[in-house]
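Below: the structure, in structure tokens.
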Amino acid sequence: MNHFHDWGYLAAAIAGLTVATVVTRGSFFMLPARFALPAQVERALRYAPACALTAIVAQGVLTKNHEPYITVHNFQWWALLAAAAVFVKTRNMVATIAVGMAVFTVLRLWA
């Protein structure tokens with residue numbers, strides 16, 4: 001049975017993800033005003049977006065066809081390293097994106 005063609009499975013997945021999203025994101029608004037998160041939790045939550053982005057980028061860069069792809073022929077890896085170096089040096093997001101995309105494009109077209 002192919003679950004991707006089963007409408008009941010798809011509806012249950014969408015409903016489950018909707019509930020999970022509403023509960024996790026809406027809980028901050030649904031809690032009473034007097035309830036405050038501990039300082040350690042608030043500090044930890046500041047890193048959540050960066051962790052999520054890292055997980056998404058790492059999966060896209062370090063795998064190919066659901067298999068690890070860490071070779072010198074992985075142009076995305078070289079672009080990621082160049083972009084990271086630019087970000088560490090400049091802290092400029094536009095420069096980071098521009099350099100990463102430029103390195104990837106050059107390697108893809110001429111390598």
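The values are calculated or read from the model by the stated rules, or taken from the named source; none is laboratory data. Worth saying up front: this structure is predicted, and the values here are computed from it rather than measured. We place every Cβ from the backbone using ideal geometry, glycine too, and count neighbours over all the protein chains shown. These accessible areas exclude ligands, DNA and RNA; they are computed on the full protein's heavy atoms, side chains included. Shrake-Rupley method; radii C 1.70, N 1.55, O 1.52, S 1.80 Å.
Which chymotrypsin sites (Phe, Trp or Tyr not before Pro) does the stretch 26-106 hold that lie in a coil by DSSP with at most 15 other beta carbons within 10 Å?
When the chymotrypsin sites (Phe, Trp or Tyr not before Pro) of the stretch 26-106 are filtered for loop state and at most 15 Cβ neighbours within 10 Å, 35, 47, 69 remain.
Once you mark the trypsin sites (Lys or Arg not before Pro) that are in a DSSP loop and have at most 15 other Cβ atoms within 10 Å, what is the longest gap between them in the chain?
Excluding the exposed sites themselves, the longest stretch runs over 47-90.
What do you get for Rg/Rh over the chain if you use C-alpha atoms and the Kirkwood form of Rh?
We get a ratio of 1.12 for the chain.
Along Cα→Cβ, 7 Å out, is where each label goes; now give me the distance between the ones at residue 12 and residue 31 in nm to one decimal.
Spacing of the two 7 Å Cα→Cβ label points: 3.2 nm.
Mean-square fluctuation check for the chain, GNM, Cα pairs under 10 Å: which of 71, 90, 24 is largest?
The residue with the greatest mean-square fluctuation here is 24.
Rounded to the nearest 0.05, what FRET efficiency do residue 67 and residue 97 give with R0 = 35 Å and r taken as the Cβ-Cβ distance? Could you check?
So the FRET efficiency works out to roughly 0.80.
Give me the percent relative contact order of the chain, please, defined on Cα pairs under 8 angstrom at least 6 residues apart.
14 percent
So with the 1.4 Å probe, I'd like the accessible area per residue for the chain, rounded to whole Å².
84 Å²
Roughly how many Å² of residue 18 are accessible to a 1.4 Å probe, to the nearest 10?
So the heavy atoms of residue 18 present about 70 Å² to solvent.
Could you work out how much longer the chain between residue 74 and residue 108 gets when fully extended? Use 0.36 nm per residue separation minus the Cα distance between them, nm to one decimal.
11.3 nm
Round to a whole number: what % of the accessible area of the chain belongs to carbon and sulfur, probe 1.4 Å?
71 percent
With angles folded into 0 to 90 degrees, how steeply does helix 75-90 sit against the dominant principal axis of the chain? Use alpha carbons for both and round to 10.
Approximately 80 degrees, to the nearest 10.
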